[in-house]
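Right, one structure below, let's go through it.
The values are calculated or read from the model by the stated rules, or taken from the named source; none is laboratory data. Quick caveat, the model's predicted, so the values are computed rather than measured. FYI the Cβ positions are ideal-geometry reconstructions off the backbone, even for glycines, and counts take in every protein chain you see.
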Amino acid sequence: MKIDAALAAPALVEIPAVATAIEAAGYDGALTFEGPHDPFFPLLLAAEHTERIDLMTAVAIAFARNPMTLAQVAYDLQLASRGRFVLGLGSQIRPHIEQRFSMPWSQPAARMRELVLAVRAIWACWHERVPLDFHGEFYRHTLMTPMFDPGPNSFGLPRVFLAGVGPRMVEVAGEVGDGFLVHPFTTERYLREAILPGLAAGAARSGRALAEVEIGFPVLVATGATEADRVAAEDLVRAQLGFYGSTPAYRPVLDLHGWGDLQPELRRLTKEGRWAEIAAAVPAEVVEAFAVTGPPDSIGPQVLARCGDVVQRIGLTARGAAAEDPDLWPTVLASFRSP
């Protein structure tokens, strides 16, 4: 089991220290996210200041970019990290792609499949000296002159992980991805009953077994050094679950548990801008199903009991005072390694 930590800081200048601390603490990887800041820049800095850990976008928004830009930045980060970069991609939802990024949206699962194949075709041109001749429904890449060709990558090609919730995107990940990043808005039951069968079906289409697809599970953690810190952290996790749960595309996860009616209520609150009320609308049983809560030394055993038999990577995401407490996380990490 590999344990990954979030690579985050208020400013880029702080990233080297954070990355160094993550590696020194014994984590196996560092994850960046598409949020207020670009997900790629921190990994370049981390590559310069670490030697061992995997460096992964979890995720970069695929449809905010095109295959050529993704292929190039991933190729360069693979070089800079000496073979440790993982390109994690997600689709986001239609309003963000069209209204935030001003990019086209259609058939997300089919588009994601083609985007990954296009990226691999570009890499094959550079690394294997294959002529660039990719023709798809959404993307077309046919021109590569020597001036823009970086040549073979001495550290090989990056791995590509895809994220998803819906069945079609999950199957695409199983078919064309090296790995799958489970969305944080996922329960153990949804993982086992919906995601694993979809990944297996997709993998079978490419002649692979499910075991050949590495699965990473980002776990929402509500912990803290004191009971008050843990309660505060749980409130923040509750708010995050409320935000995720308001998204119509994520309703199937709630439906599986019989909580589907919660989704339109949460959406109504977000539409009305009543953000302070969202956390209160999320029942305790929902928090219990989606998040791991408790003292620091209880986190590892809880996570492993839920999914340790089916996932290969765990990403830890915390909120509140725990996220800023450097003395707390060695205990959390040790709880995964204890017999």
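Observations
- When the criteria are applied in full, Gly83 meets the requirement of being out of contact with any Pro (no Cβ under 7 Å at 6 or more places or on another chain), surrounded by fewer than 23 Cβ atoms within 10 Å (Cβ to Cβ), modelled with pLDDT of 95 or more and assigned to a loop (DSSP other than H, G, I, E, B).
- Filtered by the rule that a residue be among the small types (Gly, Ala, Ser) and in contact (Cβ under 8 Å) with a residue 60 or more places away in the chain, segment 232-272 gives Ala232, Ala233, Gly245, Ala249.
- Any hit, segment 198-221, residues being closer than 26 Å to Ala110 by Cβ, of a type outside the set (Lys, Arg), buried (at least 21 other Cβ atoms within 10 Å of the Cβ) and in contact with a Lys or Arg (Cβ under 6 Å, 6 or more places away or on another chain): yes
- Subset tally (residues that are of a type outside the set (A, V, I, L, M, F, W, C), surrounded by fewer than 19 Cβ atoms within 10 Å (Cβ to Cβ) and within 16 Å of Ala318 (Cα to Cα)) for segment 1-34: 1
- Residue pairs whose Cβ atoms lie under 9 Å apart, separated by 6 or more positions or on different chains, with the first residue in segment 161-175 and under 22 Å from Phe85 (Cβ atoms) and at pLDDT 95 or above and the second among the polar types (S, T, N, Q) and crowded, with 24+ Cβ neighbours inside 10 Å, are Phe161/Thr57; Leu162/Ser91; Ala163/Ser91.
- Residues in segment 231-266 that are part of a helix (DSSP H, G or I), closer than 25 Å to Ala323 by Cα, in contact with a helix residue (DSSP H, G or I) (Cβ under 8 Å, 6 or more places away or on another chain) and not acidic (Asp, Glu): Ala232, Ala233, Leu236, Val237, Arg238, Ala239, Leu241, Gly242, Phe243, Tyr244, Gly245.
- Selected residue (criterion: surrounded by the fewest Cβ atoms within 10 Å (Cβ to Cβ)) from residues of segment 286-295 that are closer than 19 Å to Asp4 by Cβ and not β-branched (Val, Ile, Thr): Ala291
- Some residue of segment 188-207 being over 19 Å from Gly308 (Cβ atoms) and in a loop (DSSP other than H, G, I, E, B): yes
- Here the condition is being of a type in the set (Gly, Ala, Ser), in contact with a His (Cβ under 8 Å, 6 or more places away or on another chain) and in contact (Cβ under 8 Å) with a residue 60 or more places away in the chain; of Ala318, Ala289, it holds for Ala289 alone.
- One residue stands out among those in segment 213-261 that are of a type in the set (Gly, Ala, Ser) and within 20 Å of Glu193 (Cβ to Cβ): the one that is farthest from the chain's Cα centre (by Cα), which is Gly258.
- Inside segment 121-148, residues that are assigned to a helix (DSSP H, G or I) and more than 19 Å from Ile61 (Cβ to Cβ) make up a count of 10.
Here is a yes/no grid of residues against (1) within 29 Å of Ala19 (Cβ to Cβ); (2) surrounded by 20 or more Cβ atoms within 10 Å (Cβ to Cβ):
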| position | (1), (2) |
| --- | --- |
| Thr270 | no, no |
| Ala280 | no, no |
| Ala284 | no, no |
| Asp297 | yes, no |
| Pro326 | yes, no |
| Trp329 | yes, yes |
| Arg337 | yes, no |
